[in-house]
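S.K.: Got a structure for you, questions after.
The values are calculated or read from the model by the stated rules, or taken from the named source; none is laboratory data. Everything numeric in this text was worked out from a predicted model, so none of it was measured. Here Cβ is always computed from backbone atoms with ideal geometry, including for glycine, and neighbour counts include all displayed protein chains.
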Amino acid sequence: GGAIILCQVMEDSGDVPLPRNFALHQLIHLEQVPTAPADMYKVDFIYEHKTCHGEPTFKVHWCSYDVTEGSWVPFSDFSGPSLPEAYAQGIQSDANCKWLLNALKAASKCH
């Protein structure tokens, strides 16, 4: 038992409670809710990079894990380019930043 709060999932603003006079098409069965794959983990931040077999690879800190459990992740394993690109933008060395951004663009074209 217990209360159920119906929410509409909004991309940028989180969950928004539905008004009391919602339409039936706004409801979905729980079986229809897509779930993340069991082997998908959330990256908290990137703190190092290197090239491995010609592909940009990043040392990541995983959300809810100790920093000692960070691991190297190839660019092709990221769900999108935004986090690696943000990391590249923050690199202090201009030459290193430009090189990494170019490598990311090239890798994006391959995948």
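S.K.: Report every pair of residues separated by at least 6 positions or lying on different chains whose Cβ atoms are under 6 Å apart, first residue within region 83-111 and farther than 19 Å from Phe45 by Cα, second surrounded by 15 or more Cβ atoms within 10 Å (Cβ to Cβ) and of a type in the set (Phe, Trp, Tyr).
M.R.: Partner pairs satisfying both residue conditions: Ala107/Phe75.
S.K.: Out of the residues in region 61-70 that are more than 15 Å from the chain's Cα centre (by Cα) and under 13 Å from Ile46 (Cβ atoms), state the one that is surrounded by the most Cβ atoms within 10 Å (Cβ to Cβ). Before you say what the answer is, go through the steps one by one.
M.R.: Taking region 61-70 first, the residues more than 15 Å from the chain's Cα centre (by Cα) are 65-70.
Applying the additional criterion that residues be under 13 Å from Ile46 (Cβ atoms) yields 67, 70.
Details: Val67: 10, Gly70: 19.
Residue satisfying both the conditions and the ranking: Gly70.
S.K.: Residues that are modelled with pLDDT of 70 or more: which strands (runs of 3 or more DSSP E) entirely in region 3-102 hold 3 or more of them?
M.R.: Details: elements: 7-10, 14-17, 43-52, 55-62, 71-74.
Correct list: 43-52, 55-62, 71-74.
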